[in-house]
Every structure is written in C-alpha cells, then in structure tokens.
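Report on one structure; see the data block that follows.
The values are calculated or read from the model by the stated rules, or taken from the named source; none is laboratory data. Predicted model only: the values in this text are computed from it and were never measured. Virtual Cβ from ideal backbone geometry, glycine too; neighbours counted across all protein chains shown.
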Amino acid sequence: MAVSLLARLAAAAPAPVFAVAGIDGLRAVERLALDPRVELVASPRHAAILLVAGEIRPEDRADLYRLHDQMPHPRATVWWASEPLFAGIPVGPHGFPAGDLADLHRALAARAMDSDPDILPDEPPNPWRGKGDYGQGGEGMMGGTPYGRPMAMTADDLRDGLALDAYSATFGPFLPAFPPGLVLDLTLQGDVIQSAEVLRPPYLQHELRGPAAYLRRAARLVRLLGLPAVAERLRRRPEGCGALARTGVFAAIPAGLGRLGGYDVRDRLRAWCEERTPPPLPEEARLAPLLPGLEWHAAVLVINSFTDAELRSLCGAREVAA
Amino acid sequence: MTTALLSLAALLLGGAWMAAVMDRLAVAWISGRPAARAFVEPLARAAGLLLRQPVTTERPDATGRVLAPALYLALAAIGLSVVPVAEGVVLTDLSTGIVLWGACEALTVVVVFLHGWSANAPLPLIGAYRYVAIALPTLLLSMFVLIAAALPAESLSVTAIVDSQREVWNVVRQPPGLVLFLMLGLALTFRGPFDYADPEDLAGGTAAETSGPARAAWQAARLCMLVAVAGMASAVFLGGPLGPWLPGPLWLVLKMVAVLALLVAATHLLARLPPSRMLTALWVVLLPAAFLDLVLVGVELLL
C-alpha cells in the first residue's frame with residue numbers, strides 16, 4: 001500500500017537518467033536535457049535509467065559495464081542510435097526517447113518490470129597483489145597497488161613543497177564534467193593535479209555551426225561554474241549572453257587560466273558569447289601539459305573551454321606531463 | 001516545551017519543503033522550463049529516491065555513511081532550537097545560544113567531511129577536502145558577524161538579541177552582517193556560489209556515491225540546514241518574531257521565507273569561483289570586512 005502510494009508520487013518527478021554520449025551522441029543528449037520529462041543526473045548512483053546515445057568504442061565497453069552495475073536497483077537501459085551491448089530498449093536514430101524514458105521510470109517505480117541484472121561479477125577488477133608489512137606492497141600502511149589500484153603515498157606538493165598524500169586514478173570516459181570519451185590518468189594531492197596523462201581522446205562529435213553552436217559551448221562552461229539554470233536559459237532562449245556578466249561568470253574565471261594561442265578560458269567564453277570563433281590553437285599544443293598545478297575545478301573549466309574538434313587534436317598523441 | 005518542540009518540527013519540515021519548492025520555481029523562472037509541478041516535485045523526487053536501492057561502495061566506512069546525514073539533520077535541528085518562535089517560546093533558552101549555534105556550524109564541517117570520506121571513492125573525497133578548506137574561513141567570518149550582532153544586546157542569548165531589536169533591527173544597524181551571514185548560510189548548505197562539497201564538476205561530490213534513501217536523507221538534511229540558517233538570520237538580523245499587528249510566529253515565518261528567497265536566488269544566479277580564488281577572497285576581503293563590521297559596531301556602541 002505504502003509502496004504503491006510512493007510509486008504513484010514518484011511518477012510525478014522527471015525520470016532520473018544518466019546519459020552516456022558515444023560517437024556523435026552529445027548533441028542528442030544536450031537536446032534531451034531541455035525536456036522537462038527527463039532529468040539528466042551527474043552520477044550513475046543518482047539515476048534509475050542508463051541512456052546510451054551513439055556508438056561506444058570497444059575499449060570503453062568495460063567502463064560502460066562497470067557504470068551500469070553501479071546504478072541502484074530498480075534500473076533499466078535505453079539504447080539510442082546505438083547497437084545494444086547488453087539488455088535494454090532500443091530507440092532509432094530518428095526517434096526521441098523522452099516519452100519512453102518517462103514511461104520506463106513509471107514502470108520501474110511501480111515494480112511493473114524487472115530490474116536490469118549485473119553484467120560483471122561482483123569482485124575486484126584486479127587480483128590482490130599485496131606484499132609487505134600489511135599485505136598491500138607499499139611502506140608502512142601506505143602506498144602499494146593492492147587491487148591494481150594505487151593507494152595514496154606521501155609526495156612533495158608542486159606548489160609549496162609540503163609532503164601530502166598523492167593519489168592516482170583514472171577519470172572518464174563517461175564523467176559528465178568531461179567531454180564524452182575523454183580518459184585521463186591523474187595524480188592528485190587534495191584537489192590539485194600533480195601529473196596528467198591522456199589515455200583516450202574524446203569521441204568525434206558532429207560540429208554544428210552558427211549561434212546555437214556557440215551558445216551550447218558557452219552553456220557547458222556556465223553549467224560547470226555552478227549555474228545550471230542560467231545555462232539552460234542560454235540554450236532555451238536564444239537572446240545571447242547579455243545578462244551573463246551580472247552572474248559573475250567572467251569574474252569567477254581566473255585570468256590566464258588555460259591560455260593557448262593568446263586566448264585564456266575567459267577569452268574563449270567571451271568569444272563564444274559574442275558569436276566569434278577564438279583564434280586556432282598552435283598545432284603542437286597538447287592537453288596534458290596544461291593540467292598539472294591546476295585544481296580540479298580549474299582543470300575541468302580548461303578542458304571544457306575547447307570545441308570537441310580542438311580537444312581531440314589536443315589529445316592527438318599519447319603523451320605524459322609531470 | 002511541547003509547543004516549542006512541535007513548532008520546531010513544523011518549521012523544519014514545512015521550511016524544507018518550502019525551500020525545495022522555491023528552488024524548483026527559481027530554476028523554472030530562470031531557465032524558462034515549465035513550473036507546473038513545482039509544488040509536488042520535491043515530494044515526488046523524494047518518493048523516487050525512497051524506492052531505489054542504497055548502493056554501498058567497495059569497503060566504505062559504513063558507520064560514517066549512516067551517521068553523516070543523521071548528524072547533519074540533528075545539527076540543523078539543534079541550531080534552529082535556539083531561535084525564539086514567539087515571545088517566551090524557545091526550545092533551548094540558553095544564555096549562550098549564539099555559542100551553541102557556532103558549535104553546530106563547526107560540526108557541520110566535520111559531518112560533511114565524514115560524508116565525503118566514508119564513501120571510499122575519489123570524487124567524494126575531493127569534495128570533502130575542498131569543503132573543509134572553504135568552510136573553515138567562512139566559519140571565522142560568521143563568528144565576527146554574530147558577535148557584532150550580540151554586542152548591542154550585551155548577551156550571547158538569542159532571545160536577548162531578539163529583544164534588543166525592539167527599536168531597530170540589526171540589519172539596519174549593521175547591514176554587512178546579514179550579507180556575510182547569508183554567505184555563511186550558502187557555505188553551510190553548500191549551495192550555488194559556495195557549493196564546494198557536492199558540485200556538478202565532481203559528479204555530485206560527497207554525494208556522488210550516495211543513492212536511494214541515503215541520498216534523500218542527505219538532501220533533506222541540506223534543506224533543513226538552510227531553514228535553520230534562515231531562522232537564525234531572521235532572529236539575529238530581522239527581529240525574529242517581533243512585529244506589529246500580526247502574531248509573532250507569523251512574523252518569524254514571513255521573515256524566514258524572505259531570507260529563503262534571497263538564499264535561493266543567490267544559489268541560482270551567482271557563479272562559483274574556483275576554490276583557490278574563493279579562498280583568497282575569503283581571507284583577504286571578506287574576513288577583514290567582517291572584522292571591520294565588528295569594530296564599527298563596537299565603536300558606535302561606545303559613542
């Protein structure tokens with residue numbers, strides 16, 4: 001009784017969807033974000049439905065399986081213009097799944113359909129390779145790579161020479177703050193990036209032209225500056241960025257952040273707002289050297305201040321910076 | 001006692017729902033998205049979360065994960081309990097009410113860190129570290145501001161501070177105080193320009209790995225803390241339940257709604273600075289401003 005009441009109430013909320021954009025899938029996902037029947041959430045833990053839009057690279061499939069298994073039950077998957085890799089509801093490239101997603105959300109809440117089972121076995125992704133005093137292979141109780149994942153170990157800080165715990169992890173390919181497909185191997189101390197390596201470049205996205213394309217890029221940055229409602233307004237009402245300065249977005253971005261080809265993040269945002277194309281980036285420019293020394297938030301702003309094509313060229317070769 | 005307890009519960013629950021509705025309305029108004037279901041949507045979202053599974057991460061700090069939202073909610077309730085609902089009706093009538101509120105502020109930092117730490121995952125941990133760095137100077141700011149508000153009353157009791165505003169509200173005597181206190185409110189609830197704990201660039205930060213009922217509890221606790229901040233701001237700067245014609249509790253509710261509206265507008269309309277830039281702004285500009293506020297109030301009272 002109580003559950004059916006909750007289920008009826010839950011149906012009034014927009015469907016919480018975690019969207020994975022594959023090759024040429026970003027535009028479709030960004031169009032879906034404007035539909036009030038759907039809410040695109042920032043973490044798979046917050047979602048009831050996984051939406052895969054566009055094809056996924058073979059090397060990203062294991063990540064997609066893991067991401068799927070991280071979602072809470074009851075859950076479902078929708079494949080939009082994408083070859084299904086596991087169970088789910090397919091939607092053609094010319095369809096628009098907002099209505100399907102809302103129906104699916106209602107059915108899941110009412111327990112009218114089965115929840116997707118796990119794809120991978122529930123065990124560590126790598127074997128235990130521990131040795132040493134505490135079995136993890138580092139020094140004392142720190143360091144080592146017990147399950148193929150490095151544990152934190154003290155190292156000198158880049159900025160002030162304090163010895164703090166350095167922690168390495170792989171971020172991407174479906175982290176919503178990154179362009180889809182981008183995989184970075186980062187070593188962090190607190191939230192400061194100590195070293196960065198590009199493991200996989202972002203997916204190829206069909207580039208739009210015209211004012212809408214500029215506003216979409218500006219909206220991505222504005223969203224990451226903590227203003228999702230203002231970003232949505234930019235996309236919904238093509239009145240330009242006139243009121244944007246009042247929100248303090250330009251003042252919030254530090255001067256000189258991510259400067260390449262004479263333009264920093266603030267200049268690139270301003271250019272997009274004025275519907276201008278920033279000057280082309282130097283050919284030899286690479287993403288990885290831009291990131292060390294930056295805090296996570298600043299690094300995310302830098303990464304999102306390039307067009308998809310520019311970012312792909314910045315990630316062109318496998319490179320290391322420290 | 002019973003009246004005070006019941007009114008505290010009503011204020012917290014009603015206020016949390018109200019704040020969530022105002023959030024939906026603000027988003028609809030700014031973004032141009034339809035607002036048809038704004039009044040039901042917060043409850044509907046909560047119902048959806050209650051129906052989903054609470055996922056555990058690999059080797060979490062299980063006690064910490066359960067404790068964090070519960071303690072956060074408790075801190076909001078304890079903080080609000082020092083606010084007089086009407087003349088003579090206050091749940092915790094301490095002669096050091098301001099100090100109790102200050103303790104709730106300080107412990108909030110611990111609880112939010114615990115929430116990020118206990119998930120045993122990188123993004124929540126980054127959110128937790130970041131929050132501590134920003135919240136500590138913000139707390140110092142609030143200490144100066146609250147002592148300045150207590151000076152005219154010559155007491156640390158919130159009831160006495162309300163009483164001292166019979167002639168003129170503190171917001172008129174020390175307007176920067178309210179502005180700085182509202183910034184603290186945004187930091188305590190990590191919203192908008194002060195959302196360094198659970199922002200989108202960290203995929204939800206300390207809550208990135210939280211799902212189902214645990215997430216509902218965390219969101220509810222955040223909203224309750226926002227209500228507590230609105231209650232405290234109304235009592236300390238806007239005369240709490242004081243006012244002509246209308247009954248006291250109604251005055252308090254009206255003032256709290258006005259403060260909530262300001263907090264919600266700031267959440268959705270002001271950009272967030274990168275943490276190091278915010279840290280510089282806090283230590284170099286806002287903290288001296290808060291101290292100046294205190295000095296000016298002190299000098300004015302001496303003259």
>> Residue under question is A:Pro292, and the condition is that it be within 13 Å of chain B (Cβ to nearest Cβ), farther than 16 Å from A:Arg216 by Cα and surrounded by 17 or more Cβ atoms within 10 Å (Cβ to Cβ); does it hold?
In response: no
>> Anything in segment A:159-192 that is farther than 20 Å from A:Ala42 by Cβ and either within 13 Å of chain B (Cβ to nearest Cβ) or at pLDDT 95 or above (or both)? List them, or say none.
In response: A:Arg159, A:Asp160, A:Leu164, A:Asp165, A:Ala166, A:Tyr167, A:Ser168, A:Asp185, A:Thr187, A:Gln189, A:Gly190, A:Val192
> Out of all the residues in segment A:92-116, which are within 14 Å of chain B (Cβ to nearest Cβ) and under 23 Å from A:Gln205 (Cα atoms)?
Replying inline: A:Ala98
> When you go through (1) outside any loop (DSSP other than H, G, I, E, B); (2) more than 10 Å from every other protein chain (Cβ to nearest Cβ); (3) surrounded by 21 or more Cβ atoms within 10 Å (Cβ to Cβ) one by one for A:His297, which number turns out not to apply?
Replying inline: (2)
> Do we find a residue being more than 25 Å from B:Pro124 (Cβ to Cβ) and over 25 Å from the mean Cα position of the chain (by Cα) anywhere in segment B:36-49?
Replying inline: yes
> Mind checking which residues of segment A:1-11 are part of a loop (DSSP other than H, G, I, E, B) and facing another protein chain (nearest Cβ under 10 Å)?
Replying inline: A:Ala11
>> Every residue in segment B:223-257 that is over 18 Å from B:Ser81 (Cβ atoms) and either in contact (Cβ under 8 Å) with a residue 24 or more places away in the chain or in contact with a strand residue (DSSP E or B) (Cβ under 8 Å, 6 or more places away or on another chain) (or both), please.
In response: B:Phe237, B:Leu238, B:Gly239, B:Leu242, B:Pro247, B:Val257
> Residue check, A:Leu120 against (1) touching a helix residue (DSSP H, G or I) at 6+ places or on another chain (Cβ under 9 Å); (2) modelled with pLDDT of 90 or more, all met but one. Which one?
Replying inline: (2)
>> If I filter segment B:24-46 down to residues being on the phi < 0 side of the Ramachandran plot and small (Gly, Ala, Ser), which single residue comes out as farthest from the other protein chains (Cβ to nearest Cβ)?
In response: B:Ala38
> In the list A:Ala62, A:Ala33, A:Ala11, which residue meets the criterion of being of a type outside the set (D, E, K, R), in the same structural domain as A:Pro97 (by TED's automatic domain parsing), modelled with pLDDT under 95 and in contact with a His (Cβ under 8 Å, 6 or more places away or on another chain)?
Replying inline: A:Ala11
> Is it the case that some residue within segment B:86-100 is β-branched (Val, Ile, Thr), surrounded by fewer than 24 Cβ atoms within 10 Å (Cβ to Cβ) and under 30 Å from A:Arg8 (Cα atoms)?
Replying inline: no
>> Out of the residues in segment B:240-254 meeting the condition of being crowded, with 16+ Cβ neighbours inside 10 Å and not in a loop (DSSP other than H, G, I, E, B), tell me which one is modelled with the lowest pLDDT.
In response: B:Gly248
> Mind checking which residues of segment A:151-174 are outside any strand (DSSP E or B) and either surrounded by fewer than 21 Cβ atoms within 10 Å (Cβ to Cβ) or assigned by TED's automatic domain parsing to the domain that holds A:Val17 (or both)?
Replying inline: A:Met151, A:Ala152, A:Asp157, A:Leu158, A:Arg159, A:Asp160, A:Gly161, A:Leu162
> Among the residues of segment B:184-229, which ones are among the acidic types (Asp, Glu), buried (at least 24 other Cβ atoms within 10 Å of the Cβ) and either assigned to a loop (DSSP other than H, G, I, E, B) or more than 7 Å from chain A (Cβ to nearest Cβ) (or both)?
Replying inline: B:Asp198, B:Glu209
>> Would you confirm whether or not segment B:162-174 contains a residue that is at pLDDT 90 or above, in a helix (DSSP H, G or I) and surrounded by 22 or more Cβ atoms within 10 Å (Cβ to Cβ)?
In response: yes
>> I'd like the full set of residues that are surrounded by 15 or more Cβ atoms within 10 Å (Cβ to Cβ), more than 8 Å from chain A (Cβ to nearest Cβ) and either in contact with a Cys (Cβ under 8 Å, 6 or more places away or on another chain) or in a helix (DSSP H, G or I) (or both), limited to segment B:47-65.
In response: B:Leu49, B:Gly64, B:Arg65
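Results for (1) of a type in the set (D, E, K, R); (2) within 12 Å of another protein chain (Cβ to nearest Cβ); (3) part of a helix (DSSP H, G or I); (4) without any contact (Cβ under 8 Å) to a residue 24 or more places away in the chain, shown as yes or no for each residue.
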site: A:Ala13; (1), (2), (3), (4): no, yes, no, no
site: A:Phe18; (1), (2), (3), (4): no, yes, no, no
site: A:Val29; (1), (2), (3), (4): no, no, yes, no
site: A:Leu51; (1), (2), (3), (4): no, no, no, no
site: A:Pro90; (1), (2), (3), (4): no, no, no, yes
> If you go through segment A:58-67 one residue at a time, do you hit one that is in a loop (DSSP other than H, G, I, E, B) and in contact (Cβ under 8 Å) with a residue 40 or more places away in the chain?
Replying inline: no
> Do we find a residue being surrounded by fewer than 19 Cβ atoms within 10 Å (Cβ to Cβ), in contact with a strand residue (DSSP E or B) (Cβ under 8 Å, 6 or more places away or on another chain), modelled with pLDDT under 75 and aliphatic (A, V, I, L, M) anywhere in segment A:132-147?
Replying inline: yes
> Inside segment A:153-167, can you point out the residues that are within 30 Å of A:Asp60 (Cα to Cα) and free of Cβ contacts under 8 Å to residues at least 24 places away in the same chain?
Replying inline: A:Met153, A:Tyr167
